[in-house]
1. Which residue, of Val59, Val46, is closer than 22 Å to Arg126 by Cβ and in contact (Cβ under 8 Å) with a residue 24 or more places away in the chain?
2. What residue, among those in the stretch 9-28 that are of a type outside the set (S, T, N, Q) and in a loop (DSSP other than H, G, I, E, B), is farthest from Val73 (Cα to Cα)?
3. Regarding the stretch 77-86, can at least one residue be identified that is among the hydrophobic types (A, V, I, L, M, F, W, C) and in contact with an Asp or Glu (Cβ under 8 Å, 6 or more places away or on another chain)?
4. Identify all residues within the stretch 49-76 that are touching a helix residue (DSSP H, G or I) at 6+ places or on another chain (Cβ under 9 Å) and assigned to a loop (DSSP other than H, G, I, E, B); write none if there are none.
5. Taking the residues in the stretch 45-75 that are buried (at least 23 other Cβ atoms within 10 Å of the Cβ) and within 11 Å of the chain's Cα centre (by Cα) as candidates, determine which candidate is farthest from Ala105 (Cα to Cα).
6. Starting from residues that are surrounded by 15 or more Cβ atoms within 10 Å (Cβ to Cβ) and of a type in the set (Val, Ile, Thr), keep the ones in the stretch 79-135 and report whichever is modelled with the lowest pLDDT.
7. Just to check your reading of the model, which residue among Phe42, Phe31 is within 17 Å of Gly3 (Cβ to Cβ), of a type in the set (Phe, Trp, Tyr), under 11 Å from the mean Cα position of the chain (by Cα) and in a strand (DSSP E or B)?
8. So which pairs qualify, if the first residue must be in the stretch 1-15 and buried (at least 19 other Cβ atoms within 10 Å of the Cβ) and polar (S, T, N, Q), the second must be at pLDDT below 95 and part of a strand (DSSP E or B), the Cβ gap must be under 8 Å, and the two must be at least 6 apart or on different chains?
Amino acid sequence: MTGLPVPVRGVSVRVVMQTGCGPYAYIVVDFEPPGPDGGSEFLHTVPDDRLPHAFLPAVRDGIREGLGGVAAVALLTDGGFHEVDSRDSGYRLAGRYAGLAALAAAGLGEPPEDRGRQIRVNWPGRPRPKRAPGA
């Protein structure tokens, strides 16, 4: 298993699906290279009133999926939820996009597919979207 070669801080993902009831999710994650043992870790500093801890396993699983076997330390630093529209599937999706963005920022993968207003992903060094002619 390879490890993330550089720190990638401030990856934010917001999932806002407007069809039906959600899902909604918001996370901010800092990624660091793995420690001396080379293993991955998932840590968080977000209080339960910002992001209910029941969603943390979904975030962790999504990040693991997005990193695709690349070891890293992921520190969840902020989050948000909606009392009606938040669910595990939204946080799993947000975590996956955060992992993909960390790989892109570290030069290990392609940037995640832009999903416009439904999924917004930002990371250090993210290329600015091109404006449509006449916009």
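The values are calculated or read from the model by the stated rules, or taken from the named source; none is laboratory data. Here the structure is a predicted model, which is why all the values come from computation and not from measurement. Note: ideal-geometry Cβ built from the backbone for every residue, glycine included; neighbour counts use all protein chains shown.
1. Answer to the selection: Val59.
2. Gly20
3. No, because not a single residue in the stretch 77-86 is among the hydrophobic types (A, V, I, L, M, F, W, C) and in contact with an Asp or Glu (Cβ under 8 Å, 6 or more places away or on another chain).
4. Leu51, Gly68, Val70, Ala72
5. Val59
6. Per the criteria, the residue is Ile119.
7. None of the other options fit; the residue is Phe31.
8. Ser12/Arg120; Ser12/Val121; Ser12/Asn122
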